[in-house]
Amino acid sequence: MTIQKSLSLRAWAELGLLSLIWGGSFLSIRIALDEIPLVTSVAYRVGIAALLLWAVILWRGTAVPRDLRLWGAFLVMGLLNNVLPFSLMAWGQLHIETGLTSILNAATAVFGVVVAALVFADERLTLNRGLGVALGFLGVATAIGLHNFRHFDLQSLAQLAVIAGTVSYAFAGAWARMHLKGLAPEVAAAGMLTASSLVMIPGALMFDGVPTALPSGTAMLAVGYYALVATAFAYLLYYRVLAAAGSGNLMLCTLLVAPVAITLGALVRGEALPGYAFLGFGLLALGLIVLDGRLTRRLLSG
């Protein structure tokens, strides 16, 4: 019988820290987008993070991968985990609020569980997890606003862009577990971000041109946070949790991201959310509690 992947207390702690870090990234990205063009902002994110991680690798004396197939895997991972979701979510965040973006991002957990169940025998979709997925999808639909399925407008298009980014994240987690297993977290993260930079930097020059002025200090701090902390450091945690707990469990962190982003968006930018978004978030929370199964097993056994 295949032993199913689960989250240890250490993995839960690392997942919680990762969620706190990524919760702040929504606000920092939105602040940067007030002054920096979209494609350029993504290029800054992946390029600066890659440079920092290569500095760490050189400092530690870690071997640099030379296998061309592995670099091909890095390229696919960069597209799935950086280029597509970063770009789609940054564009979506220009049109919808930070808190709502974070709630839609929580759909990553639902899609991650489904993709992992399809690919890995030790992350199968049990009845318990199936019920959680159903509740999660209901939560996503509610958070978007069911009326948006009847009236398609720019805001709903932005929401669909964010959802597409979450699906890309889900496939990225499975791809990483299949093709990047056994690598040191800093090597996996650096290779992925380098491949992303090779796509995004030329794209930024093509679409946005060469930057002609320095952003404000506030925007530069925002870039520093989302590049150094929410990308370089966060992906070290990402690959640690992936190795220990599997891709589906890793994606559960996106539920925990939402409350952090909502609080920061309300405190710093004065953003508000409609009531149905909070209802959707509650349904997502319930779905992921069922997916995890610990609380329900304790209640049933008690």
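The values are calculated or read from the model by the stated rules, or taken from the named source; none is laboratory data. Here the structure is a predicted model, which means the values were calculated and not measured. Cβ placement follows ideal geometry from the backbone for every residue including glycine, while neighbour counts extend to all protein chains displayed. When the accessible area is computed, the model is the full protein with side chains, heavy atoms only, and any ligands, DNA or RNA have been set aside. Shrake-Rupley method; radii C 1.70, N 1.55, O 1.52, S 1.80 Å.
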### Estimated Rh, region 7-97: Kirkwood, alpha-carbon pairs, angstrom
15.5
### Query
Over its Cα atoms, what ratio of radius of gyration to 2.2 N^0.38 Å does region 173-302 give?
1.37
### Message
Running a GNM on the chain with Cα contacts under 10 Å, which residue among LEU68, LEU51, LEU79 ends up with the highest mean-square fluctuation?
### Response
LEU68
### Query
What is the calculated FRET efficiency for ALA141 to THR218, with r their C-beta to C-beta distance and R₀ = 35 Å, to the nearest 0.05?
0.45
### Query
By how many nm would the segment from SER6 to VAL210 lengthen if fully extended, with 0.36 nm per residue of separation less the alpha-carbon distance?
68.8 nm
### Summary
Descending accessible area (1.4 Å probe), largest on the left, turns MET220, MET89 into MET220, MET89
### Query
Ordering VAL241, VAL199 from largest to smallest accessible area (1.4 angstrom probe), what's the sequence?
VAL199, VAL241
### Query
Roughly to the nearest percent, how much of the accessible area of the chain is carbon and sulfur, given a 1.4 Å probe?
71
### Query
Over all Cα pairs of the chain, how is the pair count split among 20 Å bins, expressed in % and running from 0 up to the last occupied bin?
35, 58, 7, 0
### Query
Can you give the charge dipole size of region 199-302 about its Cα centre, rounded to the nearest 20 debye, using +1 on the beta carbon of Lys and Arg and -1 on the beta carbon of Asp and Glu?
420
### Selected from PRO85, LEU33, LEU75, residue furthest toward positive end of dipole (region 1-92; charges at beta carbon)
LEU75
